[in-house]
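First up is the structure itself, then whatever we jot down about it.
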Amino acid sequence: MNRAKLVNRYGLELSYISSIPEMCSYIIVVCHGFNGAKENSGNIYNFTSRLNNLGLGVFAFDFTGSGQSEGLFSEISLSRQVDDLIDVIGFVSKEFIKPIAVLGRSFGGSTAIAASAHLSLVDTYILWSTPIYLTETFAVFMNNDAENNYIDLEINDIKQLYRNLTRDFARHDLIKCLAYMQNKNVLAISGTADEVVNVNNIKAIKSNLPEATVYEVEAADHRFTEHIAIREDLTLSWLKSVLLLA
């Protein structure tokens, strides 16, 4: 995979990896989840190989303050991630001149929805374990000791981070944003045992995007710990169908 950096509108470098097959029909831009990174704990590599075999390119990046990108994680906001994604889509469209799909994991999926009004070049969305009701979801997330243990911040910093996030959430109505994804290809996959993003979120996607393809995978947790292959299989099968891949 190619490793490089691009510069966002604020002059900060965003780290990315890309793998573009010679006969490429689409570019899949991958958005990681909260406190995650572009490699998705190493899971990106096998999935990229499978996508490449279908003639699909992969462009996975770290949001500002995450992974190997510049910036402070403690200043994360949905608005900042929306700006990053818009900048990344602009870069990818000029660099590769191919149709673009966006795949968002968890908060990365929320970012894709929030940015959708500004992503006219994107006609396909894949949402994995994506929260729609952000304040409710992050209240669960931040109060879960198991989750807090892997955030590299002091507890007071975590509380301040949550307050800052919540203030910014008020600027985004994801239910209204879903309207910009109508008449697009949309796949949503969630787990019935998701301990962070409850079932009301996938129901909101279903009711507001009735033409979307929605899967609820039995017993899968938020990270699809024991169900990663199932999630990938569902995604690849769907992509082959909607993008008319051989």
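Database remark: amide H of Val217 closer than 5 angstrom to the amide H of Ser190, Gly191, Thr192 (H placed geometrically; neighbours at sequence offset of 5 or more, or on other chains; Pro and chain starts carry no H).
Rolling a 1.4 Å probe over the protein heavy atoms of the chain, with every protein chain left in place, gives an accessible area that is 48 percent carbon and sulfur. Using the Karplus relation 6.51 cos²θ - 1.76 cosθ + 1.60 with θ = phi - 60°, the per-residue 3J(HN,Hα) values for the stretch 18-29 come to 9, 9, 10, x, 4, 9, 9, 9, 8, 10, 9, 8 Hz, with x marking Gly and Pro. With θ taken as phi - 60° and the Karplus curve 6.51 cos²θ - 1.76 cosθ + 1.60 applied, the whole-hertz 3J(HN,Hα) list for the stretch 86-101 is 4, 5, 5, 4, x, 5, 5, 4, 7, 6, 10, 6, 9, x, 10, 10 Hz, x standing for glycine and proline. Among beta bridges identified by DSSP and lying wholly in the stretch 7-131, the antiparallel ones come to about 25 percent.
Of all aspartates and glutamates in the structure, not one has an alpha carbon short of 15 Å from that of Lys94, not counting any fewer than 8 places away in one chain.
Shape analysis of the chain places it in the rounded category; the axes a ≥ b ≥ c from the Cα gyration tensor give an a/c below 1.5. For the stretch 31-98, what class follows from the C-alpha gyration tensor (a ≥ b ≥ c being the square roots of its eigenvalues): rounded when a/c is under 1.5, otherwise prolate if a/b is larger than b/c, else oblate? Oblate, since a/c reaches 1.5 and b/c is not below a/b. Modelled this way, with points 7 Å down the Cα-to-C-beta line, the labels at Ser41 and Tyr162 are 2.2 nm from one another. For a straight C-alpha distance cut-off of 12 angstrom, the aspartates and glutamates reachable from Lys38 (same-chain residues fewer than eight places away being disregarded) are Asp62.
With contacts taken as Cα pairs under 8 Å and at least 6 residues apart, the chain reaches a relative contact order of 16 percent. Surface exposure of the stretch 15-86, expressed per residue as accessible area with a 1.4 Å probe, stands at 33 Å².
Quick one: grab the alpha carbon gyration tensor of the stretch 3-62, order the square roots of its eigenvalues as a ≥ b ≥ c, and give me rounded if a/c is under 1.5, else prolate or oblate depending on whether a/b is larger than b/c. Oblate.
Here Lys159 is the anchor, and the aspartates and glutamates within straight C-alpha reach of less than 19 Å, apart from those fewer than 8 places off in the same chain, are Glu75, Glu136, Asp145, Glu147, Asp168. Electrostatic bookkeeping for Lys5 treats Lys and Arg as +1 and Asp and Glu as -1; over the other residues with beta carbon under 14 Å from its beta carbon, the sum is -4. The 3J(HN,Hα) values that the Karplus relation (6.51, -1.76, 1.60; θ = phi - 60°) gives for the stretch 42-52 are, in residue order, x, 5, 5, 5, 5, 5, 4, 4, 5, 5, 4 Hz. Gly and Pro appear as x. Only beta bridges with both residues in the chain are counted; by DSSP, about 25 percent of them are antiparallel.
Near Asn208, once Lys and Arg are set to +1 and Asp and Glu to -1 for all other residues with Cβ below 13 Å from its Cβ, the sum equals +2.
Probing with 1.4 Å while keeping every protein chain in the model, the per residue accessible area of the stretch 97-246 equals 48 Å².
The values are calculated or read from the model by the stated rules, or taken from the named source; none is laboratory data. What you see is a predicted model; the values in this text were computed from it and never measured. Reconstructed Cβ throughout: ideal geometry from the backbone, glycine too, with neighbour counts over all protein chains shown. Please note that ligands, DNA and RNA were not included when accessible areas were found on the heavy atoms of the full protein model with its side chains. Shrake-Rupley method; radii C 1.70, N 1.55, O 1.52, S 1.80 Å.
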